[in-house]
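Student: Below is a structure I'd like to ask you about.
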Amino acid sequence: MPPKGSKKGHPAAPKQTLVLDNGAYTLKAGLVPGGASAPPTYADCTVIPNCIARSTRDKRTYIASQLSSCKDFGELAFRRPVERGFIVNWEAEKAIWEHEFLQEGEGLRCDPKETNLVLGEKPNCPRELQRNCDEIVFEQFEFAGYYRAIGATLNAYNSPDNSSLSALPQECLLVIDTSYSDTTILPLYNGQLLQSAVRRLTIGGKLLTNYLKELSSLRHYNMMEETYLLNEIKEAVSFVAPSIQQFSKDLDRTWKGRVGDKRPLDSSIVLDYVLPDYERSSHGYARPHDPVKFRMRKGLQPQQGPREDLLPLGNERFAVPELLFSPTDIGVQEAGLPEAIMQSLNSLPEMLKAAMFANIVVVGGNALIPGFVERLESELRMLVPSQYLLNVKKAEDPIKHTWLGAARFASQPELLKEVLVSKAEYDENGSTWLVKKFAGGSK
C-alpha cells in the first residue's frame, strides 16, 4: 500500500533518485537507480554533517563534509539549519545541499533536472515550513520529481531481515526515533502513520550534550563553548544503567564523599578523558582513572615535554543518558520513554496494540548508547501486560536505517511513480496544492 498522496498515471521518471534523510545533526543521503537488480544497502548511504562551522581560531568556515578536514575543533561556532527536526534556515541548508550534491568534485553529485528527490521530514511539520521547502526544491533546485514524506514511516519498507525488497510495507510497526532533536514514538499501520498516537519527548542528543557541558563546566573546566568536544565525549563514554536500582548503586559508587570523609572512586566506572591539545592531537580518548595523575593535573605540569589535560568522568557517564528515562531529573515535566510508549499504544485498539508491542524498532543516534535498548525493553516488560509478546530490537545501523527504508521504497519504480510530483505539475498547481497533496488531501 503506497503512502498517502498517491496518484497513478505519471509519466516515466528519471532513472535515479536522490534519497535524503535531512536530520538535524547529519544528512543521510544516497543516489538510488530505479529498478536496480539488487536492493540498496547501508553501504549506499553517506552520512554528512548538517552544519556550517566557523572556527574562532583559524577563522575558517567549514561547510558540511569539510568538517572532516578541520584540525582544531576548539570553540567552533555551529550554524545548524534544522531546529526541532524542521528546516528553519534555508540559507544555510541551501548552501549545504549545493556543496554536497551540485558542485563539482567527488561524492554524491547529480543534476537536479535529471534526478528525483525523496525527502524525509519529521511529523507535525508546520505547513508554512513545508511550503518553503517545496518552493526551494522546485523553484531553486529544479528537481525533476519530488516526494516529501515523514521519514520514519518509510522504515516500514525495511524487511525484518534487511535482505529483500518488498512492495508492501510491514503491517504493524512501532518506530522509536531517538535522534539529535528529540525522541519520537511513531505507530505505523501498513506504512501509514497513526497520527493520534504519535508522542514526542523533548529529550534528544542535543539536550544530552548540553547537559554534559553544564555538568563538566560546573565540576571541572569551563566547557560551554566546546560543543563538538563534549558531543565526542558523550558518544565515547556514555552508557545507560540496566535499571533504576543499579543507577542508584552506581551513583553511590562514584560519590567522592563529604569534605573530610573522602571515599575511593570505583575505577570500573570512573574514567579519565584525555583532552586533545589540537597541536599533537585533534581527538581525545578515554582511559582508566588514575588518582595520581589526576592530582598532578591540579599541580604544576612540566614546562617541556608532553602534558595532559584530564577530564575525570564519573556519574556523568550514566546520569546524562538517564534523562531519556527520567526527564524530571532536570525539571522537564514529561514522562520517560517507556511511559510515553505506553501512553501512545494505549490510545490504539486492542488488536493493533498487541501487534505493535511485537514489532518495535529503535532508530536514531541515541540508540547507539550502550545499554539503552536493553533498559528500554526491561522497563517496558514491567509495564506491558504479560499476555502480550514484546519484541524490542535496535536497527542494525540506527543512523542509516530510516534512509535505507526510503531507498528501498525509491528503488521500486511502481511505488515511486504513484507518489512523485513532477515539476510540470508543480508549475501548474502551485505550492499550496502540493502541501495538501503530500498531506493526503488532494489526489
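Student: Please verify whether Lys206 is touching a helix residue (DSSP H, G or I) at 6+ places or on another chain (Cβ under 7 Å) and either in a helix (DSSP H, G or I) or basic (Lys, Arg) (or both), treating the condition exactly as stated.
Tutor: no
Student: Still on this model: Every residue in region 86-111 that is exposed (fewer than 13 other Cβ atoms within 10 Å of the Cβ) and in contact with a Pro (Cβ under 9 Å, 6 or more places away or on another chain), please.
Tutor: Listed by number, the list holds a single entry, Glu91.
Student: For region 182-194, what are the residues that are farther than 14 Å from Leu323 by Cα and either out of contact with any helix residue (DSSP H, G or I) (no Cβ under 6 Å at 6 or more places or on another chain) or part of a strand (DSSP E or B) (or both)?
Tutor: Selection gives Thr184, Ile185, Leu186, Pro187, Leu188, Tyr189, Asn190, Gln192, Leu193, Leu194.
Student: For Ile136, state whether it is among the β-branched types (Val, Ile, Thr), touching a residue at least 40 places away in the same chain (Cβ under 8 Å) and open to solvent by less than 30 Å² (accessible area, probe 1.4 Å).
Tutor: Spelling it out, Ile136 is indeed among the β-branched types (Val, Ile, Thr), touching a residue at least 40 places away in the same chain (Cβ under 8 Å) and open to solvent by less than 30 Å² (accessible area, probe 1.4 Å).
Student: Is at least one residue of region 71-85 in a helix (DSSP H, G or I) and either crowded, with 20+ Cβ neighbours inside 10 Å or of a type outside the set (Val, Ile, Thr) (or both)?
Tutor: no
Student: Give the residues of region 334-353 that are open to solvent by 30 Å² or more (accessible area, probe 1.4 Å) and not charged (D, E, K, R), sorted by residue number.
Tutor: The answer is Ala335, Gln343, Asn346, Ser347, Pro349, Met351, Leu352.
Student: Identify the single condition in (1) surrounded by fewer than 22 Cβ atoms within 10 Å (Cβ to Cβ); (2) touching a helix residue (DSSP H, G or I) at 6+ places or on another chain (Cβ under 9 Å) that Ala395 does not satisfy, given that it satisfies every other one.
Tutor: (1)
Student: Out of Glu121, Glu114, which single residue is closer than 17 Å to Ala149 by Cβ, open to solvent by 20 Å² or more (accessible area, probe 1.4 Å), in the same structural domain as Gly430 (by the TED database) and in contact (Cβ under 8 Å) with a residue 12 or more places away in the chain?
Tutor: Residue meeting the stated conditions: Glu121.
Student: At pLDDT 95 or above, within 22 Å of Ile244 (Cβ to Cβ) and surrounded by fewer than 19 Cβ atoms within 10 Å (Cβ to Cβ), is that true of Pro370?
Tutor: Yes, satisfied.
The values are calculated or read from the model by the stated rules, or taken from the named source; none is laboratory data. No experiment lies behind these values; they were computed from the predicted model shown. Because the Cβ atoms are built from the backbone with ideal geometry, glycine has one as well, and the counts that use them run over all protein chains shown. Accessible surface areas use protein heavy atoms only, side chains included; no ligands, DNA or RNA. Shrake-Rupley method; radii C 1.70, N 1.55, O 1.52, S 1.80 Å.
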